[in-house]
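What follows is a single structure, written as structure tokens, with notes after it.
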Amino acid sequence: MSIGCIYALVALGFVLIYKATEVVNFAQGELLMLGAFFAYTFITLFGWNYWIGAAAAIGCMFFVGNLVDRVVLRPVLGQPQFAIVMVTIGFGYVARSVAGMIPGWGTETYAIETPFSSEGMQLIPESMGTLVVAQTDLSVIVATILLCIVLYLFFTYTKLGLAMQASSQNQLASYYMGIPVKSVFSMIWGISAAVAAAAGILLAPTTLIDANMGFIGLKAFPAAVLGGFGSIPGAVVGGIIIGIIETLAGFYLPPGVKNVAAYVVLLVVLVVRPQGLFGEKTGKRV
Amino acid sequence: MRFLFKTSYEQDIRIAKHSGYYWSYGALLLIILCAPYFLDEYYIGQMTQLYILAIAGVGLMLLSGYTGLISLGHAAFFGIGAYTEAVLTGNGIPLPFMDEPIVFSFFISFPMAGVLAAVAGVVIGIPALRLTGIYLAIATFAFAIIVEEILSRWESVTNGYTGLLVDSIYFESIDFDLTEGVSFYFLCLGVLIAVILFSLNLLRSATGRSMMAVRDSEISAQSMGVNLAQTKTLAFAISAGITGLAGALFAHKLGFLSPESFTVLQSLELLVLVVVGGLGSIHGAIFGAMFVLALPQGLAIMKDYLPHYISEQPGFEPLIFGLILIFFVMFEPLGIYGRWLKVKLYFQMFPLYKKATFKRQKSYMKSERLK
Amino acid sequence: MSLFTAENLAINFGGVKAVDGVNFDIKEGECFTIIGPNGAGKTTIFNLISRIYDASEGRMTFNGQDITEVPPHDIAGLGIARTFQNIELFEHASVLQNLLVGRHCHTKRSIWSEGLFLPSVRKAELAHREKVEEIIDFLDLQHYRESLIMNLPYGVRKVVELGRALCTEPKLILLDEPSSGLNVEETQDMSFWIDDIKKDLGITVLMVEHDMGLVSEVSDRVLVLNYGRMLAYGSPQEVQNDPEVIKAYLGGDDE
């Protein structure tokens, strides 16, 4: 379940970027990895407090995301979607390699100390039964819920949220309306990277930090597709469902299926209901 | 600068548009044919690898460059072709009424590899009919991951991660090993030329045009009589089949197969091959193959000249790989072939070449969701 | 003799009836125009005829055959061609290639004979080229043969769009706002071409238009649509003098 939340968070960041800029960011996992590394640097290497370090890492990634958009994405903005996808793939490669090269990071695996232990916690009183959840898992779930609420409020009630929607549907018109489209896009990237960082930090206790941890980001695709590509609550729901399906597959089905279960689900969804659970069907008017 | 005077429609449909083509490609062909006789064994092997990659590249180019269907999982077809070839020529297939499994000769297993890969192409092609753009890319991606998992788990056939030895093609009667050195070089070259000619022929006739029509405007293609489902499925089948053939050759080149050679990274490599080479041209596939092959070599050479600190880093190669990809998309979307065309034009029009000939209009993004 | 009839045609888009109870027939050899305010459902009818949309109610008959359920890619083969309001040409191909795709419905395809470029394929290709050249001559597109569509100005694209539809050798051609975006001279050319199509090539024309001058010049009969429903039906003079039509679309005196 908690891994589902991680998927949900990654998918969330992913869908954010897609909804706003129609760019499919294949490097979302790498952003997660960088966020985790930043946290590692602050918490373990610099010795800061967990909460401060985590916040700082998330903040840093906001700037990194912003920067990535400015440097890498802006020059290719008018090009067909395919080209933009290739750019994000390229960036993923670069990020992975760079992470391996930075002194203190390299290709080793690391861990960060968290104030959450892996002990189980009884969620409900003994009389009602046992529902044991590890503290680390619980922290993930709670954090995810909080983040979702914050983001939902942001997009529904702020001008920035509306601006983002406009820019995603018709750039030129948005420019005419006075929306600083490029800055809006960079902000989205920043937010998305920050969300990815949060996911990375939450993931760290479970899978440890290393330069290849970004590959988990690939699972964001089934989650986003299942939930519906343009839908933020969909991404979250999708991620959680995928997490649950995977765990169940691990228990009941032969080994190896667990790895591909998510992708089988993805294919099934694409065939049966391409717009996912919450997405919208769109078509062209001729 | 050459002026082309056209006197008949016949001229327009020829592959070689004017006599200059015969000279330049003829010379190229001559050099390639003689190469094994004055090159080192190592370089012959490299050229062979180049041909194999180029064949796979042409396959992907037909699908993505000409029909506009992005495939992020082409390594799956590559792998299916490779394993089919290995299994059919190696352990063979046990049939219920035979005592021993049947082992097939190369001349049957090779086309079978293509056919099986083509069937796999249809398998992913049919659900893909209703998907567009990015959804299609993701679906092919998922497909490739599933295929990779199947290849590694189906141990009775593929030997999983332990690996599968590939027999060489040895003709006892004339003491001739087809998969060895120079003979293999010519085999791969032959297949490459055949595949290129086949593709060029397709592209200058109705099927090729219908593929390009599907890429540019599905709705009007339909109104012109193009059966979308048929064309897309056909594109997948042909593309997968060609890549499967490349995979079969690859199996013999490696000699030893393991699912690790057919992962997402290989799919991405193929995609980079096609993009960097130049999307939408057969030349692009060749240039792309050269790039993908030459890059590690070039980097290895460069390492000697770079300061120790940078060159010793393990992530160096993927870093350059990623940077070049980004660079090409940003500055040279026509790929290496595009750059080649520009350079050629420069020399042809010297000194009248204008830099703005290829200037791209600044374009704004319109939502593809409403397409 | 009716070449095409639409009986009780209707289509719903999630509660909105874009076309409702439309009945008309087109006689062979005539030029039939549909006019009406924007959003009246004119292009929707075109999309229904080319089977890009499925009708919710009603029937369409072409040349004696019921085409209400025919798949969209078979329409060209039956003899119906169309142009698109917003120009749906193949951007990255040349004019010649675009026109050749128009010949697609008359080509037999088999990948093996094409891959080997057998003599039969060669002959077919040359025959198609001949036919396409006739259209190029008809529309004066010689200058633009090898140009890529994305480099061409709007007016030329509209002509290529028309040419591509003509290459399918249709019996009925659907022209969606052929003069939109064209200047006076180009509109004149277009009206001459439509006349030629009707008289010389013997093709029946179904048109959607806003330019009333063009409509009165070339049309034999007119149908007026408003909010998906039929408002008036008859000759151009009758329709132009119909008070309902004037109120809804053409504009009368202000009181």
Query raised in the report: With θ set to phi - 60° and the Karplus curve 6.51 cos²θ - 1.76 cosθ + 1.60, what are the ³J(HN,Hα) couplings of the stretch B:107-123 in order, to the nearest whole Hz, using x for Gly and Pro?
Result: 5, 9, 5, 5, x, 4, 4, x, 5, 4, 5, 4, 4, 4, x, 5, 4
**Report entry** At R0 = 35 Å, FRET efficiency that the Cβ-Cβ distance of residue C:210 and residue B:230 yields, to 0.05
**Finding:** 0.40
Query - Span from the the stretch B:208-228 Cα centroid across to the the stretch C:56-122 one, whole angstrom - result: 8 Å
Query raised in the report: Amide H to amide H, which residues 5 or more places from residue C:34 or on other chains are under 5 Å from it, using H placed in the peptide plane?
Result: C:207, C:208, C:209, C:223
Query - For the stretch B:42-264, size of Cβ-based charge dipole, Lys and Arg +1, Asp and Glu -1, in debye - result: 1080 debye
Query - ³J(HN,Hα) computed for each position of the stretch C:188-196 - Karplus, 6.51 cos²θ - 1.76 cosθ + 1.60, integer Hz, glycine/proline x - result: 4, 4, 4, 5, 5, 4, 4, 4, 4
Query raised in the report: Pairing the Cα long axis of helix C:154-167 with the longest principal axis of chain C, what angle in degrees results, from 0 to 90 and rounded to the nearest 10?
Result: 70 degrees
Requested in this report: Report the charge-dipole magnitude of the stretch C:141-255 in Debye, nearest 20, computed about the Cα centre from +1 at each Lys and Arg Cβ and -1 at each Asp and Glu Cβ.
Outcome: 580 debye
Query raised in the report: Dipole magnitude of the protein assembly as shown about its Cα centre, charges +1 at Lys/Arg Cβ and -1 at Asp/Glu Cβ only, in debye to the nearest 20?
Result: 1400 debye
Report task. Take every residue in peptide B:329-336, count the Cβ atoms of other chains within 10 Å of its Cβ, and give the average of those counts. Result -> 4
Query - Average partner coverage of A:37-45, which counts Cβ from other chains inside 10 Å - result: 0
Query - Relative packing of C:243-249, B:260-266, which averages over residues the other C-beta atoms within 10 Å, highest first - result: B:260-266, C:243-249
Query raised in the report: Which FRET efficiency value, to the nearest 0.05, is calculated for residue B:42 and residue B:21 with the Förster distance at 45 angstrom and r the Cβ-Cβ distance?
Result: 0.90
Query raised in the report: Using alpha carbon coordinates only, what is the Rg to Rh ratio of the stretch B:42-264, with Rh defined as the Kirkwood radius?
Result: 1.00
Requested in this report: Pick out, from B:261, A:35, B:145, the residue whose Cα sits farthest towards the positive end of the charge dipole of the protein assembly as shown, with +1 on the Cβ of Lys and Arg and -1 on the Cβ of Asp and Glu.
Outcome: A:35
Query raised in the report: How many percent of all Cα-Cα pairs in chain C sit more than 27 Å apart?
Result: 39 percent
Report summary line: Output ordering of C:205-218, C:110-123, C:79-92 (per-residue mean of other Cβ within 10 Å, highest first) is C:79-92, C:205-218, C:110-123
Report summary line: HN-Hα couplings for the stretch A:82-96 via Karplus (6.51, -1.76, 1.60; θ = phi - 60°), in whole Hz with x for Gly/Pro, come out as 4, 4, 5, 4, 4, 5, 5, 4, x, 4, x, 4, 4, 4, 4
Report summary line: Mean per-residue count of partner chain Cβ within 10 Å for C:89-97 equals 4
Query - Mean Cβ count within 10 Å, highest first, over the residues of peptides B:227-238, C:225-236, C:63-74 - result: B:227-238, C:225-236, C:63-74
Report task. Enumerate the residues in the stretch C:1-30 having an amide nitrogen under 15 Å from the point lying 7 Å beyond the Cα of residue C:59 toward its Cβ. Result -> C:4-10, C:22-25
Query raised in the report: Given the protein assembly as shown, what whole percent of its Cα pairs are spread farther than 41 Å?
Result: 45 percent
Requested in this report: Enter the angle in degrees (range 0 to 90, nearest 10) between the Cα long axis of helix C:119-139 and the first principal axis of the Cα atoms of chain C, meaning the one along which they spread out most.
Outcome: 40 degrees
Report summary line: At R0 = 22 Å the Cβ-Cβ FRET efficiency linking residue A:149 and residue A:173, nearest 0.05, sits at 0.10
**Report entry** Of C:50, B:132, A:98, farthest towards positive along the dipole that unit charges on Lys, Arg, Asp, Glu beta carbons give the protein assembly as shown
**Finding:** A:98
Query raised in the report: If you take the alpha carbon radius of gyration of the stretch C:92-216 and divide it by 2.2 N^0.38 Å, what ratio comes out, to two decimals?
Result: 1.15
Query raised in the report: Counting only residues 5 or more places away or on other chains, whose amide H sits under 5 Å from the amide H of residue C:232 once H atoms are built in the peptide plane?
Result: C:224
Query raised in the report: What residue among C:100, C:124, C:136 has its Cα farthest toward the positive end of the dipole of the stretch C:82-136, where the charges are +1 on Lys, Arg and -1 on Asp, Glu, each on the Cβ?
Result: C:124
Query raised in the report: So in the protein assembly as shown, what percent of DSSP beta bridges are antiparallel if you round to the nearest 5?
Result: 65 percent
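No lab work stands behind these numbers, since they all come straight from the coordinates. The structure displayed is predicted, hence computed values, not measured ones. A quick note on method: Cβ atoms are made from the backbone with ideal geometry, for glycine too, and the neighbour counts reach across all protein chains shown.
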